[in-house]
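One structure below.
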Amino acid sequence: MNTKTRTYDSSKRKAQAEARRTLMLKCAAQLLADSGTDEFRLEDVAQAAGVSVQTILRAFGSKDGLVIKTLEFEAPSALDMSVYDNIRIEDVGDMIRTMFQVYDKIGDLVIHALAHEHRSPEFQKSLDVGRAFHKGWIADACDIHIAKRPPDERAAMFHALLAATDIYVWKILRRDEGLSLEDTVATVTFTLKSLIQEKE
């Protein structure tokens, strides 16, 4: 008689659960991009992923939890840090194109989170990370031109550059106005060149 205890191998089940979780996140990201911030429903994510709403809730806790995890899931691929290496404002068009290509990937998720930030500390925490990154990137990429200003103008210059490249500008131009990426880049580049007084 064989008295050995069979060891339960849970690796396959874990892999299946992780694949299902990834599918739910991908479906949520696509639906947020397609439907906008006000029409996003868990029922639609469930149908797209071939799971139940309860499965989504067990995995993410709530609709807010799903959105936050979707943003965290999508952001690393969008924020390929290597593309930021050595980009300076001397080549304004490339700088803006790089930034707005990132917005094209995760902008709808961020706008959704911003719309609900006031009622969710989780949203605020994730968004604060993004805000800190944006500020640091502008300070680093634009430091040459900020430094050229008199000391009493540098803070205003920094905030003007920050506002000109904000994700809400992307939303207005890409979503509300329906501009192409290239037209959006040209518009924001025009704004930045005006701020730094760079001539064509």
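The values are calculated or read from the model by the stated rules, or taken from the named source; none is laboratory data. Quantities reported herein were computed from a predicted structural model and do not represent experimental measurements. No Cβ is skipped: glycine too gets one built from the backbone with ideal geometry, and neighbour counts run over all protein chains shown. Surface areas here come from the heavy atoms of the whole protein model, side chains and all, with no ligands, DNA or RNA. Shrake-Rupley method; radii C 1.70, N 1.55, O 1.52, S 1.80 Å.
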**Prompt:** Are any of the residues in the range 161-175 under 24 Å from Lys69 (Cβ atoms) and open to solvent by 70 Å² or more (accessible area, probe 1.4 Å)?
**Reply:** yes
**Complete:** By residue number, the members of the range 38-68 that are open to solvent by 40 Å² or more (accessible area, probe 1.4 Å) and closer than 13 Å to His112 by Cβ are Asp38, Glu39, Arg41, Lys63
**Complete:** Going through the range 80-97 in order, the residues found to be buried (at least 18 other Cβ atoms within 10 Å of the Cβ) and modelled with pLDDT of 75 or more are Val92, Met95, Ile96, Arg97
**Fill in**
Taking the range 26-49 and keeping residues of a type in the set (A, V, I, L, M) and modelled with pLDDT under 90 leaves Ala28, Ala29, Leu31, Leu32, Ala33
**Request:** Would you point out which residue out of Ala160, Ala186, Ala147, Ala155 is under 22 Å from the mean Cα position of the chain (by Cα), part of a helix (DSSP H, G or I), modelled with pLDDT of 85 or more and more than 14 Å from Ile96 (Cα to Cα)?
**Result:** Ala160
**Prompt:** Yes or no: Arg21 assigned to a helix (DSSP H, G or I), open to solvent by 40 Å² or more (accessible area, probe 1.4 Å), under 19 Å from Leu109 (Cβ atoms) and at pLDDT 85 or above?
**Reply:** yes
**Request:** Taking Arg154 as the residue in question, decide whether it is of a type outside the set (Val, Ile, Thr) and under 18 Å from Thr191 (Cβ atoms).
**Result:** no
**Item:** Single residue of the range 183-200 satisfying the filter (charged (D, E, K, R) and either in contact (Cβ under 8 Å) with a residue 12 or more places away in the chain or open to solvent by less than 60 Å² (accessible area, probe 1.4 Å) (or both)) that is farthest from Ala115 (Cα to Cα)
**Value:** Glu198
**Asked** If you go through the range 163-183, how many residues are charged (D, E, K, R), farther than 23 Å from Arg131 by Cβ and outside any helix (DSSP H, G or I)?
**Response** 1
**Condition check for Asp128: over 14 Å from Ile96 (Cα atoms), modelled with pLDDT under 90, assigned to a helix (DSSP H, G or I) and open to solvent by 60 Å² or more (accessible area, probe 1.4 Å)** = yes
